[in-house]
Each structure stands twice: as structure tokens, then as C-alpha cells.
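Note sheet for the following structure.
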Amino acid sequence: MLHSLRSSAQCQSLGVIRLPHHSRTGLRHVEQIMSAFTVLTALAFISRAGATIPPVNKTYPYDSETSSCFFMGRASTFRINYNINADICVSFYGRLEMDAKMEESELQEINSIEGCVIISGTKIEHADLRQIQHIRPNPEFCEYTHALLIYNNRDLKSIEFTNQLTLDRPEDVFIGLNPALTPAGVTGASFKFDFTSEKDCLITEVTPKSKCTRIVGDVRVEQLSTDLWEQIRVVHGTLRIENSDLPYLNSLSNLKIEAWKLPALVISKNSQLIDISALLTMEIEPKENFFEIRDNPNICHNIVERKMLEKWLASRNVSVQFKTDCLTSCFGGSVSIGYLEGIDKLCNTIKGDLRIEGIKMCQSSIRSDNKRCVSILVGMGCTLSAAYDEQV
């Protein structure tokens, strides 16, 4: 071997290699060693980084060396697979959903979850989750942004966690709409979570007399009347507006969507939909990749709203084909503020004494101190003179 190298015990620190003086041969050997050491270090780094890659997948569902398994489906099927076989699953990758008839939350030997576990609509009274020490979402395995969802369990009274459970984010766990469960019933948790209130409900529970202002779940717009939608402030889940007969979305203009999976909002195949200006005032989280809109052939807006919507849509990498043959003209003349307030939003040109050609110029005789009138005209797309712009 390399006789010019002293033993590693004689080296004062890792990576320090001592040579006899004037030893060119030793120097060449050292260069070779250091080159090999660099390669091995890089390989070791790659190996460590590669360790985060799941050892299992759909085509390779079980890894005996790591006791890891991949599974997507109901817990009843999972239990059969891992009771009949001798395979023990300690690290779970995938999507596991408890069956509705289940009365207990036995998760076999699982102590690590990557993907999600859903406990919803069950008869479980006590959820013992003390064996779970790590949990994190993974969009490759589960569509939800939460890794653990425990909601809509009418009989659930208690949940036990271990204080060794680690989360990347507090929002990785969602617990709500379990009417028999109180904060005192959740023990062992070393993390904080948003405990839902009487203002939270399923969409089937919304009534004119209910206190519900936040819906939990994946909902469709036709499930509520426009009047009921106006009392809802938040959807924690997703919203689909599809094959509806709505011409406007005004009842959703103050809505916030807290997406628990993507897309948060889908607007598609609405042949009667004309106005989507409500999007400009809706609040949707997350801010990126949350939105799908397609196959709505009759969307029509005046030039001002259209420009605002085009900018809003472009910032979200989405586009819409706006109709223009639906725009109309209106009579002007000596008009009142009330007349202007009642003008159709699709009016593109005012004909008469007050004439707007291509919505570029407003008649200069409009009183500049009448801000209400000026704002109406600006809202319709008028470009005022500099003096008027200063008044608005």
C-alpha cells in the first residue's frame, strides 16, 4: 500500500495526511488518494440525499429491509394484507382511509406516515395514535395538503398522540367537526392545531338559521342556494362550479377558500355563465396552481372588468376567452346619476349628448366635484382628463 502514509492513528485530524519530505512518489499517491476521497465523499452525499427517496412505490409495494410499504385504499383491505402476510409495515407511504363502519383506529405497526391518513365518517370513539412518531404530506401519494385528517366522526371523544410525534408544519394535521370531541380530549400532542367551532359545518348542515360560516369538505356550488352562499365566508376544502345554470357568481364575491387539495376552485362547463368578476374579490389559498377554468363559452365583461380579469388570470397562469358580441350600447343625453347607476354592465358605448366611443373619452362638461358620477364613469371605463383624474 502507500508506505509514505502514516497510520490513521498518527494523524491529528480527519483528512490530514503527512508525507516524508522530498517524496514525489508519495505526493502522487496522495493526489490519487485525495481524488478518490473526493469521489467517495460525493457518492456518500448522493447516498444520503437518496435516502429521502421512498423505498417503495406502486410497482414495488413492500421493502423488507426497511419494513416499508406502499398502499392506497381502505384500512380494512390494508389490515387483511398485513395480517395474512408476515410482512410488517412500520413506514407507511400512500393514502389510508378508515372505513365508515370502523369502531377503532388500529394502524397495525405503523409509526411513520408519508402521504395521508383519513379518519372521517367513522364510528370510532377513541383514536389511539400513540405509535405514530412522524407524519408528513406527500402529493405523490395523497392529494391532501394535510397528512392526518380527523373530521366528521360523530362518536369520537378522545385522541391520543405521543409527544414524540414530529410535524414539518402544524397544518399537516386537521382535526374538526367531531362534535363529541373537546380540546381536553386530545392528549399527548406537542403541537398546536386549529380546533373547529360551531361556525364550522358540513355543507349538508347549512340552513338559514344555522350559525355556520365555514364549510369543511369538497363542495359543489349547486348544493346551496345563492342566499345561503352569501352567509358562508370560508370553504376549507375545494369548490366546484360545474354544469351550473348560474349567470353570475356574485354570491361568492366575499368567499375565502382554504384549499386542502388542488385545484381549490374549478369553473367549467357553465354554458350560462356570463360574469366572473367575483374572482377579483375572492381570497384563495394557496396562491399558486389553485385554479382551473375552462369550457365557459359565454363569459362577457366590459373593457374595464375584462382588463382587470385578464391581469388577475395571467398572474395565475390561466386565460379565458371573453366574448365581445354581447356588449351593448346605451342612450345618453342629459342623464342623471340614477341613470348611470342603472346602466347595464355590458354597455360599451353611451349614445347621445354623453357619448363614449370605444370607452376612451368622457364628456368634459361632467362636474368634476361630483365624485360619485365620476367614479361611475371610471368604473365603466371612461378615461378622464388629468383634472378629473385628480378628483377621483
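The values are calculated or read from the model by the stated rules, or taken from the named source; none is laboratory data. The structure presented is a predicted model; accordingly, all values stated were derived computationally and were not measured. Cβ sites come from the backbone with ideal geometry, for glycine too, and all protein chains shown count toward neighbours.
Quick one: in the stretch 65-112, which of the residues that are over 28 Å from the mean Cα position of the chain (by Cα) and charged (D, E, K, R) is farthest from A127 (Cα to Cα)?
Out of the qualifying residues, it is E65.
I need a count of the residues in the stretch 215-230 that are at negative phi and touching a Leu at 6+ places or on another chain (Cβ under 9 Å).
Qualifying residue count, the stretch 215-230: 10.
Of everything in the stretch 245-302, what is in a loop (DSSP other than H, G, I, E, B), closer than 18 Å to A314 by Cα and in contact with a Pro (Cβ under 8 Å, 6 or more places away or on another chain)? Give them in sequence order.
A264, D275, N289, F290
Specify the residue that is surrounded by the most Cβ atoms within 10 Å (Cβ to Cβ); the eligible residues are those in the stretch 71-130 that are in a strand (DSSP E or B) and among the basic types (K, R).
Filtering first and then ranking leaves R95.
Go through (1) outside the structural domain of I159 (by the TED database); (2) touching a residue at least 12 places away in the same chain (Cβ under 8 Å); (3) closer than 23 Å to E125 by Cα for A180 and report which single condition fails.
Among (1) outside the structural domain of I159 (by the TED database); (2) touching a residue at least 12 places away in the same chain (Cβ under 8 Å); (3) closer than 23 Å to E125 by Cα, the lone unmet condition for A180 is (1).
In the list I159, I241, which residue meets the criterion of being among the hydrophobic types (A, V, I, L, M, F, W, C) and not assigned by the TED database to the domain that holds L129?
Going through I159, I241 in turn, just one is among the hydrophobic types (A, V, I, L, M, F, W, C) and not assigned by the TED database to the domain that holds L129: I241.
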